[in-house]
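The values are calculated or read from the model by the stated rules, or taken from the named source; none is laboratory data. Quick caveat: nothing in here was measured; it's all calculated off a predicted structure. All Cβ positions, glycine included, derive from the backbone under ideal geometry; neighbour counts span all protein chains shown. Just the protein is used for accessible areas: all its heavy atoms, side chains included, with ligands, DNA and RNA removed. Shrake-Rupley method; radii C 1.70, N 1.55, O 1.52, S 1.80 Å.
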Amino acid sequence: MRGDASPTPAPAARHPVQQSLLDDALDASDPGAVRPIERRAVARVVGGVTCLEVPARAGIDRVPESAGLPFRWAASPYRGCEAGCRHCVARRGHRYLGLDPDADFATRIVVKTDLADRLRRELGAPRWAGDPVAIGLNGDCYQPVEETYRLMPGVIRALADAGNPFTVLTRSPLVLRDLDLLREAAKVTRVGAAVSVGFVDDRVRRAVEPGAATPQRRLEICAALNEAGIPCGVLMAPILPLITDSTDHLQATVRRAAEAGAVSVTPLVLRLSAGVRQWYLAWLEREHPGLVPRYQALYGRGQVADAGYRDRVTERVRALAEMYGIGNSARRWRRRRSPARQLALV
């Protein structure tokens, strides 16, 4: 499977687009002045979201061990995400860029317009060892602006042409648009997917993941990918202490992942990293004030929950996954419902 990456089309397909070149000479001391990244970006308003188009400084980034994620290398077409999840650890990336991790994360999206070309150069470099790459850690790679920019087909082709294994991380049904490309890539390299479903209570989703697809829809995506031959697991991310960590919540989520045919389930407890902690705790104080002292005790001054708590949650999920046969070729538990059925907590 060979071929050059498709050039990035001018955004025009789905939303009316407004273009402007931001002035480098704006005074940063002016309260209305733009931030540093905005001075070197082309800004386009796409469907009410400001997209900051920049060339990719790097195609592949190292994932720090402190992130607690099961990936070593990642590539992200977008920084920021329209889903606006209150708990998203990628918010800290906006802080580094001089953007507001609170107000700007879902409304000012950084777009790496030449990512596919950059990936081709880096994947072909002698020093690159061909390690697996996760796509979409810093913002959902299939969020709504992808309908306009269409960066993912070029990214998939670049990885496939290099024969480099990769995993697509998403919450969006738009990934099914590229199903044929993913299946073609799977003929020459290892291709996988992971859908984030930290819980299946849609009331919680509306509170903390307001712009994301419902848990039900995400599990349907998982089922569709697996049925099409693309192995798809579930990232139980994040598990929210004292909110979605009860036995009922954990069992319901693992059971529904099994019903969707998930090849794996990976539990990740909420991390309160820089750019997330202040916003999440402010929301918690408004909505669940009685939980604030318990969070302070559980997290102390750090970004991760107490190790004993994390170990207990991980072990409970591991036991549930074993009970439901996730990851086993011969399941000891039979699917009793179609993934298309309405989700229930128990």
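In whole percents, the pair-distance distribution calculated for the range 51-120 from its alpha-carbon pairs, binned every 5 Å from zero, is 3, 16, 24, 24, 22, 9, 1.
Expressed as a whole percent, the accessible surface of the range 81-214 that belongs to carbon and sulfur atoms is 47, based on a 1.4 Å probe.
Would you check the accessible area of ILE230, probe 1.4 Å, heavy atoms only, in square angstrom rounded to 10? Result for ILE230: roughly 0 Å² accessible. The distance between label points at VAL42 and VAL63 comes to 3.2 nm (points 7 Å beyond Cα on the Cα→Cβ vector).
Among 199-206, 161-168, how do they line up by average Cβ neighbours within 10 Å per residue, starting with the highest?
Descending packing order for the listed peptides: 161-168, 199-206.
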